[in-house]
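Here the structure comes first, spelled out in structure tokens, and everything after it is commentary.
Nothing in this text is a laboratory measurement; each read-out follows from the coordinates by a stated rule. None of the values given here were measured: they were computed from a predicted structure. Reconstructed Cβ throughout: ideal geometry from the backbone, glycine too, with neighbour counts over all protein chains shown.
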DNA sequence: CTATTATTGATATGAATTATCAATATATGA
DNA sequence: TCATATATTGATAATTCATATCAATAATAG
Ligand SMILES: [Zn+2]
Ligand SMILES: [Zn+2]
Ligand SMILES: [Zn+2]
Ligand SMILES: [Zn+2]
């Protein structure tokens, strides 16, 4: 009885694209599916990405100021965003200890989690930039 | 000569409201100014908040999924957001060590900074919730 | 004072996401 | 197998937050 989720083809397609991509946006998932399945609606993609991330099958990476990314890797890790090209890469092996507990004691909040995003310049863009400054001399 | 910023009354008003508020949104700053100075434009508030935070006079707190907050406290500290009521409070005294350097070594990025937001339930909302569950018995 | 131009108010535009709703398709179970 | 209940869909409107545009205005240096 318990109002179960249904296994629609659209849901499977969304899941597949996320599983075969690195940190895609909803837009990317939509366009990718659309080549093989042109009838898919953007709203459906958003709805399924929400459902799948709420369910814990995928991870939602909210980025302030730009479109959310989604992640097939649901293990604990963080992300770095390139301010030049928008690339996003994993930051693994970062141990922050019990910052949630620390924050809880500090504020009186019941902390359920945290969002941590690093901002910087990716190796590729660093290379481009140092090329440019050589040119300008 | 050097194209200087001008000290407009609008800019001073925006600065004043931020200095006298706790983590206001652009909308809040706008409405507050509007009571005494009805001609102010929302665009002007956004423009000045950007200028002031770029200049380092105030701090911009980007929140994924909701409106940015601004902070008169420009010292290093973090924030906790209540998922129930939207309240935002300071998290002081959190030592994360050299996470930027760690992230840099991990990814090859040149890290310029990071955004860290805690999510949870504020003390007030915790109280409301435990009241409710008492009622429901 | 005068000239330069940074800034303003008004408004349009944009990006990302959610809401609405009738039509459709999936799962359950008779 | 078939009928039923309803979760989900596609299409589209609406929302939210923020930036872009541009002629008019006002702040500052000289
Ligand atoms: Zn880059
Ligand atoms: Zn990742
Ligand atoms: Zn609260
Ligand atoms: Zn603060």
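What are the nm distances, shortest first, from residue B:132 to its equivalents in the other copies, labels at 7 Å along Cα→Cβ?
5.0
Considering chain A as a Gaussian network with a 10 Å cut-off on Cα pairs, which listed residue, A:109, A:30, A:46, attains the greatest mean-square fluctuation?
In the Gaussian network model the winner is A:109.
Residue A:67 versus residue B:67, label points 7 Å from Cα toward the beta carbon: distance in nm?
Taking the simple label geometry, residue A:67 and residue B:67 are separated by 2.6 nm.
Could I get the Rg over Rh figure for region B:83-137? Both from C-alpha atoms, Rh via Kirkwood, rounded to two places. Working shown, then result.
Numbers: Rg = 18.2 Å, Rh = 14.6 Å.
Ratio of gyration radius to Kirkwood radius: 1.25.
May I ask you to report, in nm to one decimal and beginning with the shortest, the distances from residue B:50 to the same position in the other copies, taking label points 7 Å along Cα-to-Cβ?
2.9
Please provide three numbers in whole Å: the alpha-carbon extents of region A:1-76 along the principal axes, with the largest listed first.
Ordered largest first, region A:1-76 gives principal extents of 38, 31, 21 Å.
Report, for residue A:7, each distance to the same residue's label point in the other copies, shortest first and in nm; define the point 7 Å along Cα→Cβ.
List, nearest first: 7.1 nm.
How big is D, in µm² s⁻¹, for the protein assembly as shown by Stokes-Einstein at 10 °C and 1.306 mPa s if Rh is the Kirkwood radius over C-alpha pairs?
73 µm²/s
What FRET efficiency, computed as 1/(1 + (r/R0)^6) with R0 = 30 Å and r the Cβ-Cβ distance, is obtained for residue A:133 and residue A:22, rounded to the nearest 0.05?
With R0 = 30 Å, the Cβ-Cβ based efficiency is 0.50.
Could you work out, residue by residue across A:99-106, how many beta carbons of other chains sit within 10 Å of that residue's beta carbon, and then give the average as an integer?
Going residue by residue through A:99-106 and averaging, the value is 6.
Explain nothing, just the number: relative contact order of chain B, from Cα pairs under 8 Å at least 6 residues apart, as a whole percent.
Relative contact order, chain B: 18 percent.
Considering chain A as a Gaussian network with a 10 Å cut-off on Cα pairs, which listed residue, A:102, A:39, A:73, attains the greatest mean-square fluctuation?
Looking only at A:102, A:39, A:73, the largest GNM fluctuation is found for A:102.
In Å and on Cα atoms, what radius of gyration and Dmax does chain B show?
According to the Cα coordinates of chain B, Rg and Dmax are 18.8, 73 Å.
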